Amino acid sequence: MKLAPKSRDPRAAFTLIEIMMVIGLLVIMFSVSIPSFVNSQTKRPMRLATEQLIEALSTARAQAIIRGELVQFHIRPQDYTFKVVPTGQAEELDESVQSQSKDTQRGLFDVKLPPEVGIEDIRVNYVDHTQDEFAVLKFHSNGTSEDFKLILRSLRGEYRLFMVDPITGRPDFVVIADGH
């Protein structure tokens, strides 16, 4: 006949209070982190516009270098659209660098700003194009570009300054106001 096993040492296990404290801390941690995770997954209009504009400017620079030709970044301030358009004008004589395709009629990359985002200011080579119907930023095959500044604003009071470094042709942006 077997005897009942000896009871465990009470110091070897967690108490109910300790387990409840850990569960309480986990609940607090999740209740704080879940809203920020959900907000980071939803694309707010300014965030979407920022990503698309940086991608379009980077595409224009990359295509100018890859194709070995002048690539234009067309801006239509009145309808909030941007387009990357190759010109077909070769800037280098190296045939191995130039693209085989000479399709210049359609854009390589098109962006339309969300309705909640507007254009506050556009400057190409220090000339204001905000009220113009059309503005052009040129990217050259050696990686350089014209000087470019653009300020976007959203209905939430967010402001972003976009710049293109004329020496490297690389786009960047700065948060002017975050709308909080």
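Output the residue which, of all residues in segment 72-92 that are touching a Gly at 6+ places or on another chain (Cβ under 9 Å) and more than 27 Å from Thr130 (Cβ to Cβ), is modelled with the highest pLDDT. Checked segment 72-92; the qualifying residue modelled with the highest pLDDT is Ala90. As a summary of the residue check, Thr104 satisfies the conditions (1) more than 20 Å from the chain's Cα centre (by Cα); (2) of a type in the set (S, T, N, Q); (3) modelled with pLDDT of 85 or more except for the one numbered (3).
Out of Ile167, Ile151, one residue alone is part of a loop (DSSP other than H, G, I, E, B), within 22 Å of Thr59 (Cα to Cα) and of a type in the set (A, V, I, L, M). It is Ile167.
The residues on offer are Phe82, Phe37, and the sole one that is surrounded by 16 or more Cβ atoms within 10 Å (Cβ to Cβ) and of a type in the set (A, V, I, L, M, F, W, C) is Phe82.
The values are calculated or read from the model by the stated rules, or taken from the named source; none is laboratory data. Keep in mind the model is a prediction, meaning the values are calculated, not measured. A quick note on method: Cβ atoms are made from the backbone with ideal geometry, for glycine too, and the neighbour counts reach across all protein chains shown.
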